[in-house]
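Asks: Got a structure here, written out as structure tokens. Questions coming.
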Amino acid sequence: MGLKNEDGTVCYVIGVLKSIRKALNKTDGDMIHVIIQAKESGES
């Protein structure tokens, strides 16, 4: 899900499993930095 900022940029919102938030010591509403990388062709 994406939210458009006033400057036109988009902030994407993704769900993070509770187990992952716990491992990162984060709670609902905290920010984390996520890098999403496209899969190279040929990878499975």
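Asks: Please indicate, with yes or no, whether at least one residue in the stretch 28-37 is outside any loop (DSSP other than H, G, I, E, B) and either under 11 Å from the mean Cα position of the chain (by Cα) or basic (K, R) (or both).
Replies: Looking only at the stretch 28-37, we keep the residues that are outside any loop (DSSP other than H, G, I, E, B), and these are none.
For the stretch 28-37, residues outside any loop (DSSP other than H, G, I, E, B) and either under 11 Å from the mean Cα position of the chain (by Cα) or basic (K, R) (or both): absent.
Asks: Can S41 be described as modelled with pLDDT under 85, surrounded by fewer than 10 Cβ atoms within 10 Å (Cβ to Cβ) and of a type in the set (G, A, S)?
Replies: Numbers: modelled with pLDDT under 85: yes; surrounded by fewer than 10 Cβ atoms within 10 Å (Cβ to Cβ): yes; of a type in the set (G, A, S): yes.
It is true that S41 is modelled with pLDDT under 85, surrounded by fewer than 10 Cβ atoms within 10 Å (Cβ to Cβ) and of a type in the set (G, A, S).
Asks: Just one of (1) surrounded by 10 or more Cβ atoms within 10 Å (Cβ to Cβ); (2) at pLDDT below 90 trips up R21, so point out which.
Replies: (2)
The values are calculated or read from the model by the stated rules, or taken from the named source; none is laboratory data. Quick caveat: nothing in here was measured; it's all calculated off a predicted structure. Glycine also receives a Cβ, built like all others from the backbone with ideal geometry; neighbour counts cover every protein chain displayed.
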